[in-house]
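The values are calculated or read from the model by the stated rules, or taken from the named source; none is laboratory data. Just so we're clear, the structure is a prediction, and the values are computed from it rather than from any experiment. Please note: Cβ atoms are built from the backbone with ideal geometry, for glycine as well, and neighbour counts cover all protein chains shown. Surface accessibility is based on the protein's heavy atoms, side chains included, excluding ligands, DNA and RNA. Shrake-Rupley method; radii C 1.70, N 1.55, O 1.52, S 1.80 Å.
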Amino acid sequence: MARRPAIARLLAAAAGLLALAPAGAAERADLIVSNALVLTMDGSGTVLEPGVVVVRGDSIAAVGGPELLARYEADTVLDAGGDIAMPGMINLHNHLPMVAFRGLGENGVADRLFRFFFPLEKALLSRELIRTASRQAAIELALSGVTLVADMYYHEDEVARSVAEVGIRGVLGETVIGFPVVDAPEPFGGLAYAERFIAEWKGHPLVTPAVAPHAPYTVPPEWLLRSKALAEREGVPVLIHMAEFAHERELIAERIGAFPAGASVVRYLEDIGFLSDALLAAHVIYVDAEDQQILKRRDVGIAHNPKANGRGNTGMSPAWEMFENGLDLGLGTDGPMSSNQMDVLDVMTHAAAVARFLGGDATRFTPRELLYLATVGGARALDREDELGSLEVGKKADLVIVDAHAPNVQPVYDPYASVALGAYPENVRTTIVNGRLVVRDRVLLTVDMDAHWREWTALTGRVAEFAKTLE
Ligand SMILES: [Zn+2]
């Protein structure tokens, strides 16, 4: 996406300065987080201890020290009790509805894709399953401190409904693929579906609809370019799996037609004119130095999924080189059948482990750099760093509070290390998205959990019955 000028943020900052109230007259805000150790993740690495974050409407009105408490008043003041406040985390790659199938086929099944994934999807996928499972996944994400998730699946309007209901952000790509699927009986019918989905959801405060051609080996150039054209016309992102497999060139040659001799997957996509700044590419493992230059020039966002790539034995991404070369890189988990857990906290440790192992260098990805990937990096990959990713005046109020008193987080000598390498998802106490409290002290405030639980257990009961036929 074209980068928006930072003017909106500057204006908001100026307004904040102009609005400095005379002594005695407190300014109204909607929500104040006080007494926090604030990791702002701004460009200069500002850490405030104790720090205060003031939220008005959907945005951050002020970030600073305790003096802000005299300047602002709000009905809701959360005393963080010394816990760590930081930007909400961004999960750049997922397939939320597949949480319905999580844990199946885990016991050494070699052809898991064909023996479990495809039969399960073929037999069981429906609007209802996608809606309920997406809600389950979004609940898990909100509780783990993820405030934005990028997703690729079918019936993405149902995913949108559930993500919006739970109250986190979604960049949600409707899948375009070359065979009949649950929401499109015609091959590539996802494109028309995406067009309707985008028309229905564009402009929603939490949901950014998108189009998601599945991968270069399932979508030929014509449909890749038609997907890109739709996205350009509507000003929405394009999501894809890219350079995920060592044999991806052979897969393209086999399924799509001849693959140009000597090309890489990235150069093939560049040559057909597919790459653009609207693109968010997942995996991006098999890329050489030239590919990386192309991706940088085209401002392609990259979702790095070290945990899923390791688990699925698909390869190890040169993420450190891409990071050092200034590419826009964030973290993702991939779907819950590939990664199981959906929190970004654990992915940070995997990102460090992979980069350090590949380079034989234990200094790669410091804790602060890992937290950067999980927040600002994700926002930059989506070209939304002007509104998301850090706690700065004028940006959207997406923040989380992490329990600094938890045994596994203690001691907090270096808060970046305590969070990036130490925290578990259940250490996230509070999640605020777009200025709204979604989770407070580990309680999800947005969903009727009893009603959801009835739907979820009915669904998993049906899945369990069907799964017996696959063993
Ligand atoms: Zn994926």
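Below is a table of values for the structure above.
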| item | result |
| --- | --- |
| ASP328 being in the same structural domain as HIS214 (by TED's automatic domain parsing), surrounded by 21 or more Cβ atoms within 10 Å (Cβ to Cβ) and closer than 23 Å to PRO237 by Cα | yes |
| Residue within segment 95-107 that is open to solvent by less than 10 Å² (accessible area, probe 1.4 Å), away from the ligand (no atom under 16 Å from the Cβ), modelled with pLDDT of 95 or more and in a helix (DSSP H, G or I) present | no |
| Given (1) over 20 Å from VAL438 (Cα atoms); (2) more than 26 Å from the chain's Cα centre (by Cα); (3) not assigned by TED's automatic domain parsing to the domain that holds ALA160, index of the condition GLY81 fails | (1) |
| Test: residue in segment 417-432 that is surrounded by fewer than 23 Cβ atoms within 10 Å (Cβ to Cβ) and at positive phi | no |
| Subset of segment 219-247 (residues that are surrounded by 17 or more Cβ atoms within 10 Å (Cβ to Cβ) and either of a type in the set (A, V, I, L, M, F, W, C) or modelled with pLDDT under 95 (or both)) | VAL219, TRP223, LEU224, LEU230, ALA231, VAL236, VAL238, LEU239, ILE240, MET242, ALA243, PHE245 |
| Count - residues of segment 136-156 that are under 21 Å from ALA282 (Cα atoms) and assigned to a helix (DSSP H, G or I) | 4 |
| Long-range neighbours under 9 Å by Cβ, at least six apart or interchain, first residue closer than 14 Å to ASP328 by Cβ and hydrophobic (A, V, I, L, M, F, W, C) within segment 293-308, second within 16 Å of the ligand (Cβ to nearest atom) and in a loop (DSSP other than H, G, I, E, B) | LEU295/VAL284; VAL300/VAL284; ILE302/VAL284; ILE302/SER317; ALA303/VAL284; ALA303/GLY332; ALA303/ASP334 |
| Residues of segment 207-246 satisfying the condition of being among the charged types (D, E, K, R), in contact (Cβ under 8 Å) with a residue 24 or more places away in the chain and in a helix (DSSP H, G or I) | ARG226, LYS228, GLU232, GLU234 |
| Residues located in segment 295-313, provided they are away from the ligand (no atom under 16 Å from the Cβ) and open to solvent by less than 10 Å² (accessible area, probe 1.4 Å) | LEU295, VAL300 |
| Residue in segment 383-405 that is assigned to a helix (DSSP H, G or I) and modelled with pLDDT of 95 or more present | no |
| Criterion (over 26 Å from the mean Cα position of the chain (by Cα), basic (Lys, Arg) and modelled with pLDDT of 95 or more) met by exactly one of ARG127, ARG71, ARG135, ARG56 | ARG71 |
| Yes/no for TYR193 being in contact with a strand residue (DSSP E or B) (Cβ under 9 Å, 6 or more places away or on another chain), within 15 Å of ALA100 (Cα to Cα) and aromatic (Phe, Trp, Tyr) | no |
| Selection status of ASP277, assigned by TED's automatic domain parsing to the domain that holds ALA319, open to solvent by 40 Å² or more (accessible area, probe 1.4 Å) and farther than 25 Å from ASP151 by Cα | no |
| Meets criteria (free of Cβ contacts under 8 Å to residues at least 24 places away in the same chain, in a strand (DSSP E or B) and surrounded by fewer than 23 Cβ atoms within 10 Å (Cβ to Cβ)) for LEU48 | yes |
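A quick yes/no check of all residues on (1) away from the ligand (no atom under 14 Å from the Cβ); (2) assigned to a loop (DSSP other than H, G, I, E, B); (3) in contact with a Cys (Cβ under 7 Å, 6 or more places away or on another chain):
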| position | (1), (2), (3) |
| --- | --- |
| ALA281 | no, no, no |
| TRP320 | yes, no, no |
| GLY326 | yes, yes, no |
| GLY330 | yes, no, no |
| GLY335 | no, yes, no |
| ALA353 | yes, no, no |
